[in-house]
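Take a look at the structure set out below.
The values are calculated or read from the model by the stated rules, or taken from the named source; none is laboratory data. Predicted model, so just to flag it, every value in this text is computed and none were measured. Because the Cβ atoms are built from the backbone with ideal geometry, glycine has one as well, and the counts that use them run over all protein chains shown. Surface areas here come from the heavy atoms of the whole protein model, side chains and all, with no ligands, DNA or RNA. Shrake-Rupley method; radii C 1.70, N 1.55, O 1.52, S 1.80 Å.
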Amino acid sequence: MTRRFLAMLMALAMVFALAACGGEPADTEESVAPTADPKAAADAVIAALTVPEDIDAAAVQGVEDGVLTVAMECAYAPYNWTQMDDSNGAVEISNVSGSYANGYDVMMAQIICDVYGWELEIVSSAWDSLAPGVQSGLYDANIAGQSMTADRMAQVDMAGPYYYADIVVVTTKDSEYASATGIQDLAGGTCTAQSGTIWYDSCLPQIPDANLLAPADTAPSMIMTLTTGQCDFICTDVPTATAAAQKDDNLVILNFAGTDGDFQFATEEERAENVNIGISVQKGNETLLNAMNAVLNQMDSDDFNAIMAYAISVQPEI
C-alpha cells in the first residue's frame with residue numbers, strides 16, 4: 001500500500017468526522033441511504049484494496065508520466081460537482097482556475113490513482129465532448145457517470161462497472177403524480193431529463209401521451225426545471241435522485257424497478273447496459289482498461305454504495 005494511499009485513508013477519516021448529511025431522502029427501494037457510520041464503511045472498502053501484482057503502473061498507456069488525466073462535467077452531482085475550495089478531498093480542476101472538483105467520480109478516480117501511485121488531473125468538459133476527448137487522446141479517461149451502452153462502447157472502451165444505477169422518476173410531494181405506481185400513472189405529464197441520456201431518449205417516450213420538454217443541458221438544470229414548476233416530473237438515476245432529495249425534502253422518488261410498471265427494454269442485456277456505469281478509455285488502450293478493472297474488480301455494489309453514500313453526505317448546496 002503506497003504512502004499516498006495511506007494518506008488518503010487518513011484524510012478520509014478526517015473528512016467523515018466533519019461531514020454532515022442533508023435532509024432525509026425520500027423512501028425508495030434502491031436509494032443510496034446514509035449508513036450509521038459512513039466513515040467506517042468507506043474506510044473498510046478502501047483499506048481492503050491491494051495493488052494488483054500483474055499490473056506495471058509505469059507501463060500503462062497514457063500514464064507513463066505518472067499523471068492520469070480524467071475528464072468529467074464537474075456539474076453532475078453526486079457523481080461530480082464544482083466547489084470553490086479543496087475541502088473534503090476535492091481536486092483542483094486544471095482548466096478552470098480557482099475551482100475544484102469533488103463527488104463520487106473524483107473519489108473513484110483518486111482511489112485508482114492512489115493504488116498505482118499516479119497523480120490525478122481533473123479536466124472539466126461538456127458532456128458531448130467527453131467521448132471525442134478520449135478518442136483523440138486529449139484525456140486518458142472519462143469518469144463521468146456514463147452508462148455502458150452499446151453506442152458509447154462503439155466509440156470507446158469502458159472499464160467497470162464502477163456503479164450500478166437504477167432508473168427512477170422524481171416528482172414533488174404535492175404533485176398529482178406523487179402516488180404513481182408505474183409509468184402508466186404518469187400519462188399526460190410534462191417531463192424532461194438530461195440531454196444525451198437513456199432517460200430522455202428511451203425512458204420518457206414510453207410514458208403514454210407524455211409532454212416531453214426540451215432536454216436539460218445538465219443534471220442541476222434538470223432538477224431546477226422540476227423544482228421551479230416547469231415540469232411535473234423528471235427521469236434520472238438513483239444517486240442523482242437521492243442527492244437531490246436529501247437537499248430538498250419536497251421531492252419524491254418513484255422507483256418502479258421490478259414491477260410491471262417499470263421502464264421497458266428489449267432485453268435484460270439492454271437494461272444492464274443502461275444501468276451499468278463505466279469508465280471510458282481510448283479504443284485499444286488495454287493496459288489502462290486492465291489496470292482500472294483490476295481495481296474495480298476488487299469491489300462490489302455494496303462497496304460502490306458506501307463510497308456513493310459518502311459523496312452524497314459531503315455534497316455542498318450548489
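A few points about this structure:
- Take 114-120, 259-265 and order them by the average number of nearby Cβ atoms within 10 Å per residue, most first; the result is 114-120, 259-265.
- Over the residues of the chain, the helix contribution to mean residue ellipticity at 222 nm works out to -9500 deg cm²/dmol, using -39500 (n - 2.57) for each DSSP H run of at least 4.
- Surface analysis of the chain yields an accessible area of 41 Å² per residue, using protein heavy atoms and a 1.4 Å probe.
- C-alpha center-to-center spacing [region 235-267, region 63-137] in angstrom: 26
- Highest average packing first - 284-291, 198-205, 304-311, Cβ atoms within 10 Å: 304-311, 198-205, 284-291
- Rough spin-label spacing in nm, given labels placed 7 Å along Cα→Cβ, for ASP201 and THR259: 2.8
- Here the translational diffusion coefficient of the chain follows from Stokes-Einstein with Rh set to the Kirkwood radius across Cα pairs; for 4 °C and 1.567 mPa s it amounts to 65 µm²/s.
- Take every DSSP beta bridge whose two residues both sit in the chain; close to 60 percent of them are antiparallel.
- Among 46-56, 61-71, the peptide with the highest mean count of other Cβ atoms within 10 Å heads the list, and the full ranking is 61-71, 46-56.
- Here the relative contact order of region 180-263, from alpha carbon pairs under 8 Å that lie six or more residues apart, stands at 36 percent.
- Three semi-axes describe the equivalent ellipsoid of region 83-224; taken as square roots of 5 times the Cα gyration tensor eigenvalues and ordered largest first, they are 33, 18, 14 Å.
- Accessible surface of the chain [probe 1.4 Å, protein heavy atoms]: carbon and sulfur percent: 49
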